[in-house]
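Visitor: Just dropping this structure here.
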Number of protein chains: 2
Amino acid sequence: MTDDFLKQLGHLALASRLKRISDKMIHSGREMYKHLGLDIEPNWYLVFKLLKEEKELSVTEISAALQMSHPSIISIINKMIKSGYLNSRKCQDDGRKQLLSLSDKTKNVYPQLEKIWTAGTQGVAQMVGETDLLELLDMIEARLDQKSFMEMTLENIESNGQ
Amino acid sequence: MTDDFLKQLGHLALASRLKRISDKMIHSGREMYKHLGLDIEPNWYLVFKLLKEEKELSVTEISAALQMSHPSIISIINKMIKSGYLNSRKCQDDGRKQLLSLSDKTKNVYPQLEKIWTAGTQGVAQMVGETDLLELLDMIEARLDQKSFMEMTLENIESNGQ
DNA sequence: TCAACTTATGTAGTTAGCTACACAAATATA
DNA sequence: TATATTTGTGTAGCTAACTACATAAGTTGA
């Protein structure tokens, strides 16, 4: 018997435990950048890595690639622009679009960032060990895409009620 | 090659993926309560279940059991009190303490809530299948408690730099 | 017994997601 | 070609966690 009530709840508390772990890691990531004297936030690596690969993307394209809502992306990129890490220019062909790319400032610090991300990847790999956690997450996300947690639960309520 | 950039990032994006899954499930849980006509929020089940078991607890005790900060607990219980699901009384022995317990309203709807949570537990169990996901989470949380993600990463930066 | 410390609660302000709505630009269609 | 629809971006307002600070009540020890 542990004093961690979430563990006791078993499957019911899955979402809460996933949230607890991710919150803790994200918070620790924020501390790490601060410790290293960088004005970078934990979720920016997604945009950095994506734009390193794709060179120039619109808000909607970033939103689709990261599977996050476009208001979330706007909030992230506005901070990154303000801090000088992204360039933004209006698209010539389509006046609605804003095209984002990495700034020179970013290109200068990129080697340092890569070292941090490499070390972070190693840290997660050490934590996860030889387990197949990432494959499990693939499976869970695939199942959640097929049928939402609400749908699954409502179906179970239905069939339990028979 | 998938169009989900987070998957491509492998271990590096673990925290982001855990967040994405938990956010999705929590959001779906909110919709479910709404669909069922209940004015209950997704994270309240933790307090309901805990107080069902322990009868009467203070803010700090709830905070410890759920491993959440006390301001988070205050925010949750204030809403639950406002909605009539919790009773609060001042502790006689210790005037600083607020003692929380389940209200009659809660006791009346509890059977219905149990059905929902049972169905939700089944839903998660179906999603997780025969895997050992919960044990993996136990392991990861234990390792994170020993050494934070920041510490792990900084150590790796150090040793990579040699 | 009273000052210093500790503990329990509460408040303020931050970050990170989200949906719903607004609006402008592009495209499609009658 | 003019109107209607779609698409891309942006804003407002929501939830949920956190830390840091404030305050009040208990406890301890000189």
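The values are calculated or read from the model by the stated rules, or taken from the named source; none is laboratory data. Because the structure is predicted, anything quoted here is derived from the model rather than measured. Cβ atoms come from the backbone with ideal geometry, glycine included; neighbour counts cover every protein chain shown. SASA here: full protein model, heavy atoms, side chains in, ligands and nucleic acids out. Shrake-Rupley method; radii C 1.70, N 1.55, O 1.52, S 1.80 Å.
Visitor: Go through the stretch B:48-71 and give me each residue that's more than 8 Å from chain A (Cβ to nearest Cβ), buried (at least 16 other Cβ atoms within 10 Å of the Cβ) and within 18 Å of B:Thr121 (Cα to Cα).
Guide: B:Phe48 - this is the single residue of the stretch B:48-71 that is more than 8 Å from chain A (Cβ to nearest Cβ), buried (at least 16 other Cβ atoms within 10 Å of the Cβ) and within 18 Å of B:Thr121 (Cα to Cα).
Visitor: Which members of the stretch A:40-54 meet the condition of being within 15 Å of DNA strand D (Cβ to nearest atom) and of a type outside the set (A, V, I, L, M, F, W, C)?
Guide: Of everything in the stretch A:40-54, those that are within 15 Å of DNA strand D (Cβ to nearest atom) and of a type outside the set (A, V, I, L, M, F, W, C) turn out to be A:Glu41, A:Pro42, A:Asn43, A:Glu54.
Visitor: What are the pairs with Cβ atoms under 6 angstrom where one residue, in the stretch A:1-20, is within 18 Å of B:Met127 (Cα to Cα) and facing chain B (nearest Cβ under 7 Å) and the other, located anywhere, is open to solvent by 30 Å² or more (accessible area, probe 1.4 Å) and polar (S, T, N, Q)? Sequence gap at least six, or different chains.
Guide: A:His11/B:Thr121; A:Leu12/B:Thr121
Visitor: Go through the stretch B:84-113 and report how many residues are away from DNA strand D (no atom under 16 Å from the Cβ) and either among the aliphatic types (A, V, I, L, M) or in contact with a strand residue (DSSP E or B) (Cβ under 8 Å, 6 or more places away or on another chain) (or both).
Guide: Total satisfying the criteria: 7.
Visitor: Can we say A:Ser22 is of a type in the set (S, T, N, Q), in a helix (DSSP H, G or I) and more than 13 Å from DNA strand C (Cβ to nearest atom)?
Guide: So A:Ser22 does not fit the description; no.
Visitor: Mind listing just one residue for me: the one in the stretch B:72-84 that is more than 14 Å from chain A (Cβ to nearest Cβ) and either closer than 24 Å to A:Lys7 by Cβ or in a strand (DSSP E or B) (or both) and, of those, nearest to DNA strand C (Cβ to nearest atom)?
Guide: Among those that are more than 14 Å from chain A (Cβ to nearest Cβ) and either closer than 24 Å to A:Lys7 by Cβ or in a strand (DSSP E or B) (or both), it is B:Ile74.
Visitor: For residues that are assigned to a loop (DSSP other than H, G, I, E, B) and not aliphatic (A, V, I, L, M), scanning just the stretch A:56-71, find the one that is farthest from DNA strand C (Cβ to nearest atom).
Guide: For the stretch A:56-71, the residue satisfying everything is A:Glu56.
Visitor: Looking at A:Arg20, is it open to solvent by 30 Å² or more (accessible area, probe 1.4 Å) and either more than 21 Å from the chain's Cα centre (by Cα) or not aromatic (Phe, Trp, Tyr) (or both)?
Guide: no
Visitor: Here is a further query. Would it be correct to say that B:Tyr45 is more than 10 Å from DNA strand C (Cβ to nearest atom), in a helix (DSSP H, G or I), surrounded by 14 or more Cβ atoms within 10 Å (Cβ to Cβ) and more than 8 Å from every other protein chain (Cβ to nearest Cβ)?
Guide: For B:Tyr45, the condition - more than 10 Å from DNA strand C (Cβ to nearest atom), in a helix (DSSP H, G or I), surrounded by 14 or more Cβ atoms within 10 Å (Cβ to Cβ) and more than 8 Å from every other protein chain (Cβ to nearest Cβ) - is not met.
Visitor: While we're on this one: Keeping to the stretch A:56-83, report how many residues are more than 11 Å from DNA strand D (Cβ to nearest atom) and under 21 Å from B:Gly10 (Cα atoms).
Guide: 4
Visitor: Further, regarding this structure: So, in the stretch A:130-150, of the ones that are closer than 29 Å to B:Leu36 by Cα and more than 8 Å from every other protein chain (Cβ to nearest Cβ), which residue ends up most open to solvent (accessible area, probe 1.4 Å)?
Guide: Checked the stretch A:130-150; the qualifying residue most open to solvent (accessible area, probe 1.4 Å) is A:Gln146.
Visitor: Within the stretch B:26-42, how many residues turn out to be in contact (Cβ under 8 Å) with a residue 24 or more places away in the chain and either over 26 Å from B:Lys107 (Cβ atoms) or open to solvent by 50 Å² or more (accessible area, probe 1.4 Å) (or both)?
Guide: The number of residues fulfilling the criteria is 3.
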